[in-house]
Amino acid sequence: MAPGTRRSRHIDTSLTIPNWIMQSQEILIFSTDSALFFDVFDHSKYFKNTLIASASISVDDLTLICEPVTERLPLSKKGGLKGELLASVSFYPILPSTAESSTLSFSYRRASLPYESDVGVVHLTLDEAKDLKSPVSSREANPRATIMLAVDGKATRIYSTPPCKSTSEPKWHSHHTFLCTDKASSVILVDVSDCGFKETNLGYMYIPLRDLLDRDESGPRWWALSGCQEGQLKMGAEWKPVKADLLENV
């Protein structure tokens, strides 16, 4: 699946009026000059899924109304009408925070006063690591960093950097942006491993998201890694709040 793509569960093929009630997806949009596309496929266990029809809606139109919008979108294929898709779509604008330190360019239409919220968009930066040593091998490692997000004790892997070859000082300069629905209970876990030798652990760290954001006003900084003698990781995070009451209907 391509970046920005989300997939619903498949429906029994005997249904001519399928529904995906109680399913919702969140997609980060970095430009209002774009569109949301909905592709409906005929799911098959044995053959490649077949495109039935597609529908679309302009993101720019959604920014004018900051509340859920229910639309009947025409489904078409090769110029022919194949049916309709009933969809409820909402646009939640990024709002200014009280500390305007972020360098991200998120577009939104409605001007607003500084706003604090536990719901927002996080932009993580993993720059580099140093002093990494493999506990089981004398050769140079192929380090890769894996990020996990834990909310209320449940951890999910959200990103992995590309591996760097044969070095104890990898420079990833990687970025990952994600929607955070509860800043207060979120914890960032980073595992640095040698992907060239049975995923040997080279060090790890975990930190509450609030602490990471509070200590990172001046940009990425060095953090000591646990599980190793002297490894360090350079990481930072930026925060842009989303008005929480807009998400109550999701």
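Results, tabulated for the structure shown:
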{"read-out": "Computed FRET value (nearest 0.05) for D211 with K45, which takes r as the C-beta separation and R₀ as 51 Å", "value": "0.65"}
{"read-out": "Alpha-carbon centroids, region 133-192 and region 43-96: separation in whole Å", "value": "34 Å"}
{"read-out": "Radius 11 Å from Cβ of T146, net charge of other residues (Lys, Arg +1; Asp, Glu -1)", "value": "0"}
{"read-out": "Potential lengthening between A184 and Q229 on full extension [0.36 nm per residue; Cα-Cα distance subtracted]", "value": "13.1 nm"}
{"read-out": "Formal net charge of residues neighbouring C195 (Cβ-Cβ distance under 13 Å; K, R +1; D, E -1)", "value": "-1"}
{"read-out": "Residue order, fewest to most beta carbons within 10 Å, for M22, M235", "value": "M22, M235"}
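Readers should treat all values here as calculations from the given coordinates under stated rules, not as data from a laboratory. It should be emphasised that the depicted structure is a prediction, and the values quoted were computed from it without experimental measurement. Here the Cβ is made from the backbone with ideal geometry for all residues, glycine too, and neighbour counts use every protein chain on show.
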